[in-house]
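Any read-out appearing in this document is the output of simple, stated calculations on the displayed coordinates, not a laboratory observation. Remember, it's a predicted structure, so these values are computed and weren't measured experimentally. All Cβ positions, even for glycine, are placed from backbone atoms using ideal geometry, and neighbour counts span all protein chains on display.
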Amino acid sequence: LLSPGHAPEEALPAQPVSGTAAPPEEPAAAPQARFVISLLGDCTLSSSHYTNHFESLVGDDLQYPFSNVAEILQADDLTLANLECSFSEKRLESASEYAFCGQPKYAQSLALGGVECVSMGNNHTNDFGKTGVDDTAAALEQAGITGIQENQSACFDLRHDDGTSLRVGIYVLRHNGSAEQMKNGAASLREDGADIVIACMHAGAERIYVPTKRQIALAHAAIQGGADLVVGTHPHILQPAEAYQNGMILYSIGNFCFGGNRNPGDKDTVIAQLVVQADEDGISWSMEYIPCSISSTVGKNDYHPTPYAQDDAGYQR
């Protein structure tokens, strides 16, 4: 899918050339910039509130969680993940059956892996109240990561050495937010001059492979408001993508580095990449996907997302 695109120029017919004259020099092609934005699913750099299996395995090796994908994520222009845990030095308490509060040092794992931005608009964001949100934001800031809280947005001005630039706007819907908020959030970024608009939603049914009516309504509203891409999380598995109007919807991109489950039955995930081409005539974009497993081994989750080899059954699946 390319949007908003422009048709490629038609090739000129070959010109006859005499035996002595050199062919005319073709004009130099206008510079074209390629920007890559990587998108990751649920990242929970913590065990549940009552266990420590993630912490016991990872320990102080902060590079470990993303070490098998860091080369990919560090080579792009921006990486966005959904953060489905809190960070705090304190022992915070929660009434939620499943709550995840990790040590602030694990925010550094995101940064070491090449993640520059996380969405904070999911059903676990407020598990530990305002203190949990504030402590998480502080840990992310310390690690140099932009945390976009619910019903908020942020813009990133990406620049290359040749002077080309791209303004990327990201809106994060609050959990249980409305279609109107999705539409308005996308529209606001477009009005603010974003070249590319990404809308994030945390919706749907867990472990169900088809999007719900509500997911569809939220995503369509974002595209109608001007979003180019909608990125969904919450089901913990991959769901279909949909080309809608001039945009693309990824209803669920699954888990990624997920400390919340020691052995999920479905470990498939993906690094989804929005590839933007910018030239003097405007911008066009397309989607690319790198099939991955959330674990580097079968039979358990070792919190070590790893790309599938192309000849692997997981890659084909």
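For the reader, a short list of remarks on this structure follows.
- Principal semi-axes in Å for region 209-317 [√(5λ), Cα gyration tensor, largest first]: 28, 18, 11
- Region 191-264: GluC sites (Glu not before Pro) falling in loop per DSSP and having at most 13 other Cβ within 10 Å: 206
- Relative contact order (%) - criterion: Cα under 8 Å, at least six apart; region: region 60-187: 23 percent
- Choice from 293, 46, 94 with maximal GNM fluctuation in the chain (Cα, 10 Å cutoff): 94
- Close amide-amide hydrogen proximity is noted between residue 248 and 229, 230, each under 5 Å apart and 5 or more residues distant or on a separate chain (H modeled in the peptide plane; Pro and chain starts excluded).
- Amide H partners (placed H, <5 Å) of residue 47, local residues excluded: 54, 55
- Within the listed set 73, 110, 158, the Gaussian network model of the chain (springs between alpha-carbon atoms below 10 Å) gives the highest mean-square fluctuation for 158.
- Taking 0.36 nm per residue of sequence separation and removing the Cα-Cα distance, the residue 280/residue 209 pair yields an extension gain of 21.5 nm.
- Distances between every pair of Cα atoms in region 52-165, grouped in 10 Å steps from 0 to the bin holding the largest one, split as 14, 43, 32, 10, 2, 0 percent.
- Span from the region 217-253 Cα centroid across to the region 74-122 one, whole angstrom: 23 Å
- Take the Cα of residue 142, go 7 Å toward its beta carbon, and the backbone nitrogen atoms of region 87-108 under 16 Å from that spot belong to 87-92, 101-108.
- Beta bridges assigned by DSSP with both partners in region 189-317 are antiparallel in approximately 70 percent of cases.
- Amide N proximity, region 48-84 versus residue 312 label position 7 Å along Cα-to-Cβ, cut-off under 13 Å: 68-69
- Normalising the Debye intensity of the chain to I(0), with uniform scatterers on Cα atoms only, and taking log10 at q = 0.07, 0.08, 0.10 Å⁻¹ returns -0.29, -0.38, -0.56.
- In this structure the amide hydrogen of residue 292, modeled in the peptide plane, comes within under 5 Å of the amide hydrogens of 269, 270, 271, 308, none closer than 5 places in sequence on its chain.
- Residues of region 204-239 with amide N under 18 Å of a point placed 7 Å along Cα→Cβ from residue 96: 204-207, 232-237
- When every Cα-Cα distance of region 127-232 is counted in 10 angstrom steps from zero, the calculated P(r) takes the values 15, 38, 33, 13, 1 percent.
- Mean shadow area of region 74-122, taken as a quarter of the surface of its Cα convex hull (nm²): 3.8 nm²
- Placing +1 on the Cβ of every Lys and Arg and -1 on the Cβ of every Asp and Glu, with nothing else charged, gives the chain a dipole about its Cα centre of roughly 1160 debye.
- Candidate lysines for bridging to residue 183, where Cα separation is under 19 Å - those fewer than 8 sequence places away on the same chain excluded: 213
- Qualifying trypsin sites (Lys or Arg not before Pro) in region 131-233, DSSP loop, other Cβ atoms within 10 Å at most 15: 207
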